[in-house]
1. Can you compute the modelled spin-label distance between Asp119 and Lys444, with each label point 7 Å from Cα toward Cβ, in nm?
2. Give a residue-ordered list of calculated ³J(HN,Hα) values for the range 225-239 (Karplus: 6.51 cos²θ - 1.76 cosθ + 1.60, θ = phi - 60°; whole Hz; x for Gly, Pro).
3. Relative to the present Cα-Cα distance, how much length would full extension add between Asn226 and Thr172 at 0.36 nm per residue of separation?
4. Probe radius 1.4 Å, ligands and nucleic acids ignored: give me the carbon and sulfur share of the accessible area of the range 190-246 as a rounded percent.
5. Looking only at Cα atoms, what is the convex hull volume of the range 104-289 per residue, in Å³?
6. Given a Förster radius of 30 Å and the C-beta distance between Asp332 and Glu404 as r, what FRET efficiency does 1/(1 + (r/R0)^6) yield to the nearest 0.05?
7. Work out how much length Leu274 to Leu420 would gain on full extension: take 0.36 nm times their residue separation and subtract the Cα-Cα distance, in nm to one decimal.
8. Provide the FRET efficiency to the nearest 0.05 for the Arg466-Arg307 pair, computing r from the beta carbons and using R0 = 45 Å.
Amino acid sequence: MKTRSSARGEPRRLRNVALLTLMLCSVVALSLIRGRFAPIVTSAGDVMKPEDAAAAAGSQAAVNIDAGDVADEAAAEAAAEERDKKEVQPKPAEASGGATKPVCYETSRRSDTCEAAGDVRLMGRSQTVYVDTLDREWKTKPYCRKHDNFALSHVKEWTLKPLPSAAAPQCTVNSSATAFVLSTGGFTGNSFHDYTDVLIPAFITAHPFGGEVQFLVSSYKSWWVNRYIQIFQQMSRYEVVDIDADDEVRCYRNVVVGPTFHRELGVDASKTALGHSTADFRKMLRDAFGLERATATPSGDRWDIRRRPRLLIISRRPGRGRAFMNERAMADMAASLGFDVRIGEPESSTDTSKFARLVNSCDVLVGVHGAGLTNMVFLPAGAVVVQVVPYGRLEWLARNTFAEPSAGMEVHYLEYAVQLDETTLSEQYPSDHPVLKEPMAIHKQGWNALKTTYLDKQNVRPHLGRLKNTFLQALKMLPHGRDD
């Protein structure tokens, strides 16, 4: 019986191992190459390159943040900055044939705008626009919060369709103006949203037409339109139409569906055809409401009471949250510094013109973070707005809503951050509660938890000594009392 030599079979075993290793390396290499260069098929059956898929994932992340999910502050800011870096001037959408059509554009991360020219026939009750130059159907909701499902649930959808060659609706009203469809659904009724979601985007879109534009308002609220009718009359020579209740077939040569959003409470002049800016919007407001002061310049008469700078405290009822609990003491302290003090509460039922004139007469506007600070749009240039930021790590919210817009309005901005001993939350929770000790833990629970805890249930009592320093700083920014 012969025995095999283990030494003689060893080289053959090594060759087999080497061959198997080479084959495995080849398979891995081919997999990596395919993953890098092969197309990805979407759920709709479209082919997408891997780099496009990554961009789409980033876009979806931005959508989730815009929808109102409040995550960690740093992560939210980083995502917003990345989104803004990628944001470019929008390109026109393309129709099915690949030819560029004057229809729907993504004009910003918050807005879509549809434009069409030709034989335009608009039927308000069905929210339908027929245009002879279209070769496909388009749908849009004309309100500037396109990723906010809750807001859009209160906004009617509009459809742009090709004009049928047979049985086309017959015109009952003809106009040479450009038709402009927008919605007053969404969050209107809150003055911040009135301006940032509707009025400023309407100005951005309508201003280039020089008054030759007709506002066709969907989800029409008569009280809301009446409240701002002077503004619409500055932007248009035509009547405002409650278009959802309109039985006419209105015919135009041009139509715009949906306003264009730029930024919170502002106009980006670099994105406008005529270079119009937030300053132009504010001038339009002065014309609309008859506001006298373009700048915070005192009277030339040293004995005139207007030599004293006027300070307005925005008041809120304690039951609404974010009220000043020592409002009267704040007013007395400001008066001791030489301010002519006023206290006002801008309610929805308040005469907008009257309150606008009050704000325009002031040099300093003071308020806790909230819709009332939106009245800074009426301040004269060179005035000062003081935002009192509630306790709870809300500086990011204060910055986005009022701090950043102040520069475009040409007003100075100061911030007063409420400390733990200045908030009524310290009376509602034990000292070791997360609401007081770990505000970011509440942020991570979402927007509703944050809003309920730090905006709805909190009132403030600013320390008069600290606040006095802020008022003195505001006083130094004003021209009052300076020798020329």
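The values are calculated or read from the model by the stated rules, or taken from the named source; none is laboratory data. Note that the structure is a prediction, hence the values are computed from the model and not measured. We place every Cβ from the backbone using ideal geometry, glycine too, and count neighbours over all the protein chains shown. Ligands, DNA and RNA are stripped out before the accessible areas are found, and what is left, the full protein with its side chains, is counted by its heavy atoms. Shrake-Rupley method; radii C 1.70, N 1.55, O 1.52, S 1.80 Å.
1. 6.2
2. Listing the rounded values in order: 4, 5, 5, 10, 4, 4, 5, 4, 5, 6, 8, 9, 8, 10, 5 Hz.
3. Residue separation times 0.36 nm, minus the Cα-Cα distance, leaves 16.8 nm.
4. 47
5. 109
6. 0.40
7. Result for the pair: 47.8 nm of gain on full extension.
8. 0.95
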